[in-house]
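Let me begin by presenting the structure, written as structure tokens, before commenting on it.
The values are calculated or read from the model by the stated rules, or taken from the named source; none is laboratory data. All of these numbers come straight from a predicted model, not from anything done at the bench. Note that we place each Cβ from the backbone using ideal geometry, even for glycine, and neighbour counts take in every protein chain shown. Ligands, DNA and RNA are stripped out before the accessible areas are found, and what is left, the full protein with its side chains, is counted by its heavy atoms. Shrake-Rupley method; radii C 1.70, N 1.55, O 1.52, S 1.80 Å.
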Amino acid sequence: MTPAEPDFPALYAHHVATMAARFETALAETDLDGVVIFSGEPRYYPRDDTTAPFRVDPWFTAWLPLTDVPGSALVVNPGRRPLVIYRQDDDFWHAPPDDPEGFWTGHFDIEIAKSGTAARSLLAGLSGRYAAIGAPDGGPASDGFVDHAALLARLDFSRAAKTDYEIACIARANSIAAAGHLAVGAAFSVDASEYSLNRAGPGAAFRAGASEYSLHQTYLGATGQCESELPYASIVAMNAHAAILHYQRLDRAAPAETRSLLIDAGARFKGYAADVSRTWGAPDAGFAELLESMEALQQTLCAEVRAGVDFTDLNERTHELVAGVLSEHGLVNRSADEAHASGITRTFLPHGLGHLLGLQVHDVGGRQSTPTGELRPAPEPHPFLRLTRVLEPGFSLTIEPGLYFIESLLRRLDPELRRMLNFNLVERLLPFGGIRIEDNLVVEPSGARNLTREAFAALGQE
Ligand code: GLY
Ligand code: MN
Ligand code: MN
């Protein structure tokens, strides 16, 4: 069944009202009259006349479903309609942005600026205490703007809880990503029906000739997004490469033997990100069984996401469960409790359980404990945990447990922990790299919506 098309214009109207209310409060609390949010400028490579792909300031897209209007600005001043200074140069080198159109336009005053000078002159008349976000060179304190730190702390903190519009956008980004993942599955597996993602059936075989590079191209083709549009560079890692957490090299040649594939690849919709990982594996050395256990573990964790949960507790719970998997599969010769208490799980899972997700793949405010900017650092044993907040309804986040065979970390284990390991089995699994299973969830009062599983299910897959 195809899910009903969200009513984006209605959702957006509500979203803009929420943004206006959040900004009004934050501006009043920081004694500001308003704020100018710049979309950003193209950035030139050093000593070159070409630019990096344009990345809009996320606060601009938090208001406007626009990702490709460099040089533009939004003026927010409570009590007035927000003003968009929409940059549309006469430029025969580049395609200028289309005329403003779509469901957003009715909520703003819009001024077209045909040059940077014209855009600046439209801002020159502002009087009062204004902060700037994403200001071009010169920083936020230039051009008479007031420091933005206190304002930004409040705004970043508020962004964790998504509006229904934002959730619909992240859900759509997940649908696009799911189509990409399924296309990769079909290109990778001889008989895709024999597999579900994150599993390997007995007798399953991988297509000869599929390389990391070819699967990356398959993903781009199926999502219809070019690399610069994706929220992050896709990780397409075969065999031992799956142990490299942010693996970026794409081997052009297919490996002589294919044992596993870890693909961590997202998509964007109206600036909002999906961040999805799936792992496939051959049924050797117990890897298929390990995949099954990790799939069950990931689903257990997803079922424990709800408002009021301290994410640092859920992260510790992950290590408790991973210890169970290590013990059950004989990777360690100790009980689950002993393995957990020893800290050995951190060698197999060095990254955090998840992070906030939204306009940025690692969305802002994950380690903020108050709207005024106090931080709650990651717990000492888990320095890479990016989310240390107590979950609230509307938070959008990833749940991405993993289990990896990382040679450098295994080598670094102290002798006492090393004695816990079943090294023969670890060595047989090293060539598989590892497992990561990553879904995108939205917190609800008594549970969570799993946008990624919904997206796969709508395409007829688990
Ligand atoms: N794709 C990066 C991450 O999972 O956080
Ligand atoms: Mn992630
Ligand atoms: Mn990811």
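Think of the chain as a dipole: +1 on every Lys or Arg Cβ, -1 on every Asp or Glu Cβ, centred on the Cα centre; then among F188, A240, L301, A240 lies furthest on the positive end.
Put +1 on the Cβ of every Lys and Arg and -1 on every Asp and Glu Cβ in the range 1-132; which of A20, G79, S127 then has its Cα farthest towards the positive end of the dipole? After comparing all options, I get S127. Counting only protein heavy atoms and using a 1.4 Å probe, the accessible area of R334 comes to about 90 Å². Computed over the range 25-113, the P(r) curve from all C-alpha pair distances, binned at 5 Å from the origin, holds 3, 12, 22, 23, 17, 12, 6, 4, 2, 0 percent per bin. Accessible area of the range 246-395 with a 1.4 Å probe: how many percent of it is carbon plus sulfur? Result for the range 246-395: 49 percent of the exposed heavy-atom area is carbon or sulfur. The charge dipole of the range 218-322, taken about its Cα centre with unit charges on the Cβ atoms of Lys, Arg (+1), Asp and Glu (-1) only, comes to about 460 debye. Projected onto the charge dipole of the chain (+1 at Lys/Arg Cβ, -1 at Asp/Glu Cβ, origin at the Cα centre), which of A118, T61, V443 gives the Cα projection farthest towards the positive end? Positive-end residue among those listed: V443. Antiparallel beta bridges, as assigned by DSSP with both residues in the range 33-113, represent about 60 percent of the total such bridges. Note that the chain presents 43 Å² accessible area per residue, ligands and nucleic acids not counted, probe 1.4 Å.
Dipole magnitude for the range 110-185: computed about the Cα centre from +1 point charges on Lys and Arg Cβ and -1 point charges on Asp and Glu Cβ, it is near 100 debye. If only the Cβ of Lys and Arg carry +1 and only the Cβ of Asp and Glu carry -1, the dipole of the chain around its Cα centre is close to 520 debye. In this simple spin-label approximation, R43 and L459 carry label points 7 Å from Cα along the Cα→Cβ vector, and these lie 3.1 nm apart.
Charge tally around R436: other residues with Cβ under 10 Å, Lys/Arg +1 each, Asp/Glu -1 each, net -2.
Of the trypsin sites (Lys or Arg not before Pro) found in the range 226-268, those that fall in a DSSP loop while having at most 16 other beta-carbon atoms within 10 Å are R249, R252.
Take the Cβ atoms of D147 and A208, set R0 to 60 Å, and the FRET efficiency comes out at 0.50. Computed over every Cα-Cα pair of the range 327-421 and binned at 5 Å starting from 0, the pair-distance distribution P(r) comes out as 2, 12, 19, 20, 15, 11, 11, 8, 3, 0 percent.
Counting only DSSP beta bridges with both residues in the chain, the antiparallel share comes to about 80 percent. Can you tell me the orientation of helix 287-303 relative to the chain, as the angle in degrees between its alpha-carbon axis and the longest Cα principal axis, to the nearest 10? Once rounded, one gets 40 degrees.
Counting only alpha carbon atoms, the long axis of helix 212-223 and the longest principal axis of the chain meet at about 50°. Estimated from helices alone, the mean residue ellipticity of the chain at 222 nm is -10000 deg cm²/dmol (sum of -39500 (n - 2.57) over DSSP H runs with n ≥ 4, per residue). Normalised by residue count, the chain yields a Cα convex hull volume of 161 Å³ per residue. With both residues required to sit in the range 6-159, DSSP beta bridges show an antiparallel share near 45%.
The smallest convex shape that holds all Cα atoms of the range 281-361, its convex hull, gives 113 Å³ per residue.
Within a Cβ distance under 10 Å of H15, other residues only, what is the Lys/Arg minus Asp/Glu net charge? Residues near H15 contribute -1 overall. Residues F384, F145, ordered by accessible area of protein heavy atoms at a 1.4 angstrom probe radius and largest first, appear as F384, F145.
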